[in-house]
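**Q** Below: one structure in structure tokens.
Please treat every number below as a calculation from the coordinates, not as lab data. Just so we're clear, the structure is a prediction, and the values are computed from it rather than from any experiment. Don't worry about glycine lacking a Cβ; one is built from the backbone with ideal geometry, like all the others, and counts go over all protein chains shown.
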Amino acid sequence: MPPLVRLLPPPPTSPAPDAPLIIDCHTHLNRYEHDQPPTAAERLEQLRATMARHGVSHALVLTSYTVNDNRPSIDEVLHLVEGDGRFSVVAGVNYEQLGKQQLRYLRTLLEEQRVRALKLYPGYQRFDVRHRRLHPLYEMAGACGVPVMVHTGDTFAHTAKVRYTHPLVFDEVAVDFRLTSFVLCHMGNPWFVDAMEVVYKNENLYGDISGLTLGAFEPRYERLVLQKLNDAIAFINDPGKLMFGTDWPISDMGSYLEFAGKLDTTPAERDGLLWHNAARLFRVPEAPPEERPDVLAP
Ligand SMILES: [Zn+2]
């Protein structure tokens, strides 16, 4: 399949020639299946090749809430992508060990501008995102100007509890921490109606459309999800709110780009979805590394 970017009209706000036109705001270097390569370095090579094949210019790599043989640490992922301007890192938060030490570590990463967001995994770690243990983290993210990404909706693991992933609770978090931006990953699938209401209502809430399928979209399911997301796009009616992400390697990147191309969007909504919103929210550099101004400098 040719890269989707060739099918698109020129963006209304013309980016620099080397600007990323498609940003995948949600990928992982975790090993989920035994047929994946055993090392994170090999999986990064796979991701590079997949992005090149599909014309994706930049990817955010989200680390896990835990570290083991199949889940590289934040430091390991930072080391792997170092010097490659096609990647940015999002630091996974371990809620169970969230105390002064982890907060200090995360604060250092944010202040040194080595990570572009934080990621929470309620459901998997079975916690309520309203819990006061998280309040210092939300305040820190707001003060540093980085968004907090949160898993919402259905989970990859049967041991997770989806009560904690319902998008409606984020209304309370968004209202109580208005200086912090939050990204509802997966748009609360299958609770799209609740997700679209809280994203519409709160100016500090955004949604990513990643992880809505395992592998490639199957036609009947794709039709269902297209309808739900088209409803959300029409209801939100704001080109600045939704972002393209795949959840690679869980979801197939090529199938996901075809899916995104079928969404009922205006040109502004499509540009917002594919690159502009993520570029703005995560401050993804829009020029090659050697010419890149220090966009994160105060
Ligand atoms: Zn994910």
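**Q** Place a point 7 Å from Cα of His158 in the direction of its Cβ. Which residues in region 118-137 have their backbone N less than 14 Å from it?
**A** The answer is none.
**Q** A further question on this structure: Projected area of region 23-291, taken from the Cα convex hull and averaged over every viewing direction, in nm²?
**A** Numbers: hull surface 52.7 nm².
Directional mean of the projected Cα hull area for region 23-291 stands at 13.2 nm².
**Q** In region 101-172, which GluC sites (Glu not before Pro) are in a loop and have at most 11 other Cβ atoms within 10 Å, using DSSP for the loop call? Numbers along the way, then the final one.
**A** Details: sites: Glu111, Glu112, Glu139, Glu172; in loops: Glu112.
Passing both the DSSP loop test and the Cβ count: Glu112.
**Q** Counting Lys and Arg as +1 and Asp and Glu as -1, what is the net charge of the other residues whose Cβ lies under 14 Å from the Cβ of Leu224? Present the calculation step by step, with values, prior to reporting the outcome.
**A** Details: positive: Arg220, Arg223, Lys228, Lys262; negative: Asp154, Glu218, Glu222, Asp231.
Residues near Leu224 contribute 0 overall.
**Q** Determine, for Leu47, Leu109, the number of other Cβ atoms within 10 Å of each Cβ, and report the residues in order from fewest to most. Could the numbers behind the result be given before it?
**A** On the way: Leu47 23, Leu109 19.
Lowest count first: Leu109, Leu47.
**Q** Please report the antiparallel percentage of DSSP beta bridges with both residues in the chain, rounded to the nearest 5.
**A** Percentage antiparallel, nearest 5: 5.
**Q** Given the -39500 (n - 2.57) contribution per DSSP H run of 4+ residues, what per-residue ellipticity at 222 nm results for the chain, rounded to the nearest 500 deg cm²/dmol?
**A** Mean residue ellipticity, 222 nm, calculated: -9500 deg cm²/dmol.
**Q** Hey, with R₀ at 41 Å, roughly what FRET efficiency would Arg223 and Gln46 work out to, going by the Cβ-Cβ distance, to 0.05? Spell out each step's value before the answer.
**A** On the way: r = 29 Å, r/R0 = 0.71.
E(calc), rounded to 0.05, equals 0.90.
**Q** Further question: Taking a label point 7 Å from the Cα of Asp35 along the Cα→Cβ vector, which residues of region 204-240 have an amide N closer than 19 Å to it?
**A** 213-219
**Q** Report the local net charge at Leu242: Lys and Arg +1, Asp and Glu -1, summed over other residues whose C-beta lies under 12 Å from its C-beta.
**A** Details: positive: Lys241, Arg270; negative: Asp208, Asp238, Glu269, Asp271.
In short, -2.
**Q** Separate question: Number of Lys pairs in the chain with C-alpha atoms less than 21 angstrom apart, excluding same-chain neighbours closer than eight positions? Present the calculation step by step, with values, prior to reporting the outcome.
**A** Working: Lys100/Lys119; Lys119/Lys161; Lys119/Lys241; Lys201/Lys228; Lys201/Lys241; Lys228/Lys241; Lys228/Lys262; Lys241/Lys262.
The number of close lysine pairs in the chain is 8.
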